[in-house]
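We did not get these values from a lab; they are worked out from the coordinates using the rules stated. These numbers were taken from a predicted model, which means no experiment stands behind them. Virtual Cβ from ideal backbone geometry, glycine too; neighbours counted across all protein chains shown.
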Amino acid sequence: MAVMPAHSATLHLLGVQLIGVTPQNGRKLLLTLAVVVTVPLLGFLLTKGVAALTRADALRRVGFWARQVINLAAGLVVVLAVVSIWFDDPARLTTAMGLVTAGVAVALQRVITAIGGYVLILRGSVFNVGDRIVIGGVRGDVVALGFLQTTVMEMGEAGREQPDAPAVWVHSRQYTGRLVTVSNAVVFDQPVYNYTRDFPFIFEEITLPIRYEDDYARAEQILLAAAEKHTVRIRELEEQAINELRRRFFLSEENPGPRVYWRLTDNWLELTLRFVVRDHGVRGVKDAMSRDILRDLKAAEIGIASATYEIVGVPELKMQLKPASEPRPSAGAGKA
């Protein structure tokens, strides 16, 4: 009687022979399950430990990069372990990898593109967790970055900014309370606007129309005083950040200090106050500035111009009343 090799023995379940299931494959399956469960669990525990050690704002970027390295390492270990368990023959591995690559390239195009976007985000320093960005039509702060998706805490839009879809009800750059997930693949198709990547400040403006008959020089002083009081002054800016911004982007002519620009219109003088604020808390700063500006304008008896119409004359109106016409005689009147 011929004896079957041990490696070719099959398993039976309830009297049914399981084709292709052997003790060797069973061991490989158990090892695969152990790797798939254990490695991600260890990566999760390491990520939580890093998050606990880097809670401070100064260590936020360090924690972000540490978590990305842990996630990449865990994924690489899982892939190498599974491949080593199931494909111990190089020839079989080459054939299987060719078939898998062809199938994946057709069925998972968007997934592969999203993973490529993830690599581009990390390699190109597009943004980090905590950065304020606009990606895929969504504006807000990045709260999480995964292999396939980026999670953004959505914020509203300023009054002069172009409305995006879906519409938001918050008319300022403050949180709406919605978490939005965006595919990493959009970095290949759409621009990414980063408010905080290389410069922790942004330039803001307040426009004020002043009547020509008012003291517009005094109005300019009021605007500058409000900016000096509530915004970031030149000496308080990070000199290293300013120099790096100028060096990398050739902005040697950009003045970070507050300045008022004049613009002549048909109806009023438009004063635009340009100033620098930190990337967060802009609405509160502009609110405090607006209150001070209105108070000082009122004290100086300077009015804010608005589109109004003044009637300087009324054309002469003549009316002529015609006498009422006499009643027409009826058809039978005057007949005997």
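Values for this structure:
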read-out	value
From phi via Karplus (6.51, -1.76, 1.60), per-residue ³J(HN,Hα) for region 281-286 in Hz, x at Gly/Pro	x, 5, 5, x, 5, 5
Vicinal HN-Hα couplings computed from phi for region 61-67 (Karplus, 6.51 cos²θ - 1.76 cosθ + 1.60; Hz; Gly/Pro x)	5, 4, x, 4, 5, 5, 5
Cross-link partners of Lys286 among lysines (Cα-Cα below 21 Å; sequence separation of 8 or more within a chain)	Lys229, Lys298
Mean Cβ neighbour count within 10 Å, used as a protection proxy, ranking 47-53, 278-284 highest first	278-284, 47-53
